[in-house]
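The next block holds one structure in the form of structure tokens; read it before the comments.
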Amino acid sequence: MPDKNSKFKTTDMENVAAEDIDISKGQAEFLKSLMKYIRIGELAPMKLRRLFNKSNHMKYFVNENWGDEEHFISLALDEKNSNQISQILYFLNVKNKIERVPTKQDMNELSVIDIGDYEKKFKTWENFLDLLGFDPWYRNNDSDITKKLKNIRKAKANNSRTDDYEEQEKSNLFLKNDTLEETIKKINELRTTIKENFEKKDSEENYADYSYVEMFNLLEKYIEIMPNKSKYDNIKDLS
């Protein structure tokens, strides 16, 4: 039986095959706690065995969720035929190395496991980050990018007159006398303009992971599944 100080709930399990692993939130939290004791370059069999020898609750959690310790170690360090456990641990290893949540770009550059393998096992990158309790819309906000953003905002502030003119132009885009067809045509034209501006914004902000264009595309997918009545009932309110 696990010791009374164990904070992780356990379930009775035999050795679980790699293809049958389906990490839960609780199991993900356990793996995160495990990596707190592993320094950069120490993710190896000997280190994991020492941890299990020192911590009964970690040992019991592994035994009752995935099988014996050696089976878990083989799963945890399998980078060639990666599974959900090894993918999480190697992701956290990169996180410890760069001292922030890795983006897709970080993983492409630093991970021994291909980013595509994560998406196969966890359906999407967003699902993977959410499972680990990280923001699925995380962007890389390092000092260089922050500096660029400040410069961009400063330039925008200096061009306030131009912005005011553009706002006036936008206010004339939709007219009360427009037919529904004309309004829809203008919306499609505006959509193209917005997407082009977002592409430019991604480039300015040194796009690393999730972009304005990606979020705009998700919004479009949401609109596509809305009933037509909801889409167009109050379309004239845009004027």
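General remarks:
- Cβ-derived FRET efficiency at R0 45 Å, Leu218 paired with Leu110, nearest 0.05: 0.95
- Accessible surface of the stretch 15-118, 1.4 Å probe: 43 percent of it comes from carbon and sulfur atoms.
- Put a dot 7 Å past the Cα of Ala17, heading toward its Cβ, do the same for Lys200, and the two dots end up 5.5 nm apart.
- Qualifying GluC sites (Glu not before Pro) in the stretch 37-131, DSSP loop, other Cβ atoms within 10 Å at most 11: Glu99
- Fully extended contour minus Cα-Cα distance, from Arg100 to Lys47, at 0.36 nm per residue: 16.8 nm
- Summarising the label geometry, the points placed 7 Å from Cα in the beta-carbon direction at Leu180 and Thr192 lie 2.3 nm from one another.
The values are calculated or read from the model by the stated rules, or taken from the named source; none is laboratory data. Please read all numbers here as calculations on a predicted model, not as lab measurements. Counting neighbours? That spans all protein chains shown, and the Cβs are built from the backbone with ideal geometry, glycine included. In case anyone asks, the SASA skips ligands and DNA or RNA and just uses the protein heavy atoms, side chains included. Shrake-Rupley method; radii C 1.70, N 1.55, O 1.52, S 1.80 Å.
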